[in-house]
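Rule-based calculations on the coordinates, nothing more; no lab input. A quick note: this is a predicted structure, and the numbers were derived from the prediction, not measured. Cβ sites come from the backbone with ideal geometry, for glycine too, and all protein chains shown count toward neighbours.
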Amino acid sequence: MAVSPDDAEHLAADVAAEFGATERTVMGLLRDLLTPGMSRPGWARARTAAGGLLRRALRRLIPGLRQRATAAAEQAVTQAYRIGDRAARMELEQHQLPAGPDDLTVTPTQRLARALVEDFEPVYARILRQPEDVYREVIARASEGVLEGQITRQRAAQRALDDFADRGITGFVDSRGRAWNLHSYVEMAVRTVCGRAAIQAHTDRLTAAGHTLVSVSAPGGSCPLCTPWEGKILALTGPAGKHDMRLPHASAPGRTVTVRVSGSLMEARAAGFQHPNCRHSVSLYLPGVSVLPTAPPDAQSYDSVQEQRRLERQVRRWKRREQTALDDEARTAARRRIRGYQADLRQLTRETGQRRKPQREQITYAH
Ligand SMILES: [Zn+2]
């Protein structure tokens, strides 16, 4: 069994769900604190005065979230390392090869988990600050239309809340300068670290059992970044760059075979191979025995996978809108959009044979 960063997907979803739940609580708090007395003249003043309630409620959310998120992160990294180790053991077993020592060192997982927990700190700071800004902004935007009456005020408040529901808690920038919202930032952090832990364990296990080569899968419909490595052989250790190696045949004693190595795994990864969410896996390569994979002719195209992701994003977007709806009209409209995009998804998956991924259509999923 091969291992890919995609194996960490469900682990990341578990951790991100903790933050997603808090974000939904925050949206509910905003809606509940903004709704009372919306048709009455003193609304803006009364709501501004109630701002302290929001601040206190936000502060109460953090300790529990921190505790749950830290525990979930540690568990996810340990689990990811186990998945990678198990994958490598299964491969070795398939070829009736010894698995090496019982226990691999667990130090890397502790270090990875610590780094991940530190990645969460800016998130807590944003949760404390941004909803207050949004709260004030909703009041300000709703007050601009006050002279035209309550409908306008409610519409303006709804629009400001919708903007927030669409974006979620924002303000995160990664090392490449890309902006993320809370949920996608957390998910990406967990996926990156867990994917690394799984691949590390896989490499550790194969190395401990005395193997040095892996081959890259060819799932097809792949990301352009990884295509150059598809069906190629990579070295777990040793020099970078393309080179030929003369190695003993894995099942015929006394014979040797020439293996074309395309580079080291480390080199490929530095070039973007096995980025977060990557579906490419590596598996043990045995000289003279392993057959290199080629992409299936009916592989899903990159475009239709991207189209599925786009529709899933829309379903999540309108589910968040449903949550921040201030009245029934807005709620019904959001539900209609959700059903529309779900119908598109049904049609797309029927036509392409792609698997529908229900968890990606949940509001708890990163957006
Ligand atoms: Zn990839």
Exercise for the section: Sequence neighbours fewer than 8 away in the same chain don't count; with that in mind, list the lysines whose C-alpha is under 24 Å from LYS357. Expected result: LYS319
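For VAL77, VAL134, what ranking results if the residue with the fewest other Cβ atoms within 10 Å of its Cβ goes first? Each step should come with its number before you reach the end.
On the way: VAL77 29, VAL134 22.
Ordered from fewest to most neighbouring Cβ atoms within 10 Å, VAL77, VAL134 come out as VAL134, VAL77.
Using the membrane-span-like helix rule (whole DSSP H runs, Cα extent along the own axis of at least 27 Å, mean Kyte-Doolittle hydropathy at least -1.0), which helices of the chain qualify? Numbers along the way, then the final one.
Numbers: long enough: 9-34 (36 Å, 0.35); 51-94 (62 Å, -0.46); 121-144 (36 Å, -0.62); 182-208 (39 Å, 0.11); 302-323 (32 Å, -2.46); 328-352 (36 Å, -1.48).
Qualifying helices, which must be both long enough and hydrophobic enough, are 9-34, 51-94, 121-144, 182-208.
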Problem - Coil-residue trypsin sites (Lys or Arg not before Pro) of segment 223-322, DSSP, other Cβ within 10 Å capped at 13 - result: LYS242, ARG255
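Taking segment 212-296, how much of its Cα-Cα pair set, in percent, is spaced more than 15 angstrom apart? Don't jump to the answer; show the numbers that get you there.
Working: 1993 of 3570 pairs.
Here the tail beyond 15 Å accounts for 56 percent of pairs.
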Problem - For the chain, calculated [θ]222 nm from helices alone, where every DSSP H run of n ≥ 4 adds -39500 (n - 2.57) - result: -20000 deg cm²/dmol
Exercise for the section: Could you give the spread of the C-alpha atoms of segment 22-139 along their three principal axes, from largest to smallest, in whole angstroms? Expected result: 79, 24, 18
Completion exercise
With x for Gly and Pro, the residue-by-residue ³J(HN,Hα) of segment 260-269, computed from phi through the Karplus equation 6.51 cos²θ - 1.76 cosθ + 1.60 at θ = phi - 60° and given in whole Hz, is 8, 9, 8, x, 9, 4, 4, 5, 4, 5
Fill in the blank from the handout: Between TYR285 and residues 5 or more places away or on another chain, the pairs with built amide H atoms under 5 Å apart involve LEU213, VAL214, SER215
Practice task
Just the number, please: Stokes-Einstein D of segment 82-224 in µm²/s, Kirkwood Rh from C-alpha pairs, 37 °C, 0.692 mPa s.
Solution key: 169
Exercise for the section: Show the residues, 5+ positions off or on another chain, whose built amide H is closer than 5 Å to the amide H of SER264. Expected result: ALA235, GLY241
Problem - Residues of type lysines that LYS232 reaches as a straight line, Cα spacing below 22 Å, ignoring anything fewer than 8 places off in the same chain - result: LYS242
